[in-house]
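To start, the structure itself, in structure tokens.
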Amino acid sequence: MSRIGRLPVQVPAGVTVTIADDNTVTVKGPKGELSQKVNKDIKVEQVGAEVIVSRPSDSKPHRSMHGLYRALINNMVTGVTKGFEKGLEIQGVGWRVTDWNKNQLTINVGYSHPVVVDAPEGITFDVDKSNVKLKVMGIDKQQVGAVAADIRAIRKPEPYHGKGIRYEGEYVRHKEGKAGKK
């Protein structure tokens, strides 16, 4: 049995979970609403304040989907109650990020022009006063991670000087530069 799949998903007060006939799970909470289509072989049922995910057999595809859909449902419940955030840091002399409003970032990271990033629906940005730290926030964990990865891809951290956009707490291994003449 899947260690993750067999755990029930706890549904807190204020959150409603509905399971449609076509196996679509919809979660509504104080921060918003998310839905996920679940494979027809996987059985999802709500028992009291818990959502239980079960599989019909021990075949390889059923085992792999069991834990996946339980984790996705758990992420939806967490997202509509607490939300998700991903932190990014900019390192480089004169490099900064500014948010004129919560839906648009202007990033200056050594290019001849500033890079403007518009927030997709459901995503907000929060920039620290130092203009080198920012947070990507939203209720969909997958979308928050994808937007943060897109921002990081604008200027990945390079290994020689460590300049670039990196995740909060990310370690970038530094390489030694070219050896000089003797």
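The values are calculated or read from the model by the stated rules, or taken from the named source; none is laboratory data. Being a predicted model, the structure only gives us computed values, none of them experimental. FYI the Cβ positions are ideal-geometry reconstructions off the backbone, even for glycines, and counts take in every protein chain you see. SASA here: full protein model, heavy atoms, side chains in, ligands and nucleic acids out. Shrake-Rupley method; radii C 1.70, N 1.55, O 1.52, S 1.80 Å.
Computed quantities for the displayed model
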read-out	value
Size descriptor, Kirkwood hydrodynamic radius, that averages inverse alpha-carbon separations across the chain, Å	18.9 Å
For segment 42-130: span of alpha carbons on each principal axis (Å, largest first)	57, 30, 20
Taking all pairs of distinct alpha-carbon atoms in segment 1-51, Kirkwood radius in angstrom	11.8 Å
GNM flexibility winner over the chain from 132, 77, 93 (Cα, springs under 10 Å)	93
Dipole moment magnitude, nearest 20 debye, the chain about Cα centre, only Lys, Arg, Asp, Glu C-beta charged	1000 debye
Protection proxy ranking of 50-57, 135-142 - average other beta-carbon atoms within 10 Å, highest first	135-142, 50-57
Segment residue 63-residue 16, extension gain: residue separation times 0.36 nm, minus the distance between their alpha carbons	14.2 nm
Pairwise Lys count, segment 14-102 - Cα closer than 23 Å, eight or more residues apart or different chains	14
For the chain, accessible area per residue (1.4 Å probe, heavy atoms of protein chains only), Å²	62 Å²
Listed residues 96, 152, 63, most fluctuating in the chain (Gaussian network, C-alpha, under 10 Å)	63
Structure-based [θ]222 nm, the chain - -39500 (n - 2.57) summed over DSSP H runs of at least 4, per residue, nearest 500	-6500 deg cm²/dmol
Angle between the chain longest axis and helix 141-152 axis [Cα atoms, degrees, rounded to 10]	10 degrees
Net charge, residue 132 excluded, C-beta distance under 15 Å - Lys, Arg +1, Asp, Glu -1	+2
Over 14 Å [Cα-Cα, segment 55-102], rounded percent	72 percent
Residue-level accessible surface for residue 150, protein heavy atoms, 1.4 Å, Å²	110 Å²
Listed residues 129, 28, 60, most fluctuating in the chain (Gaussian network, C-alpha, under 10 Å)	60
Ranking by accessible area, most exposed first, for 113, 66 with a 1.4 Å probe	113, 66
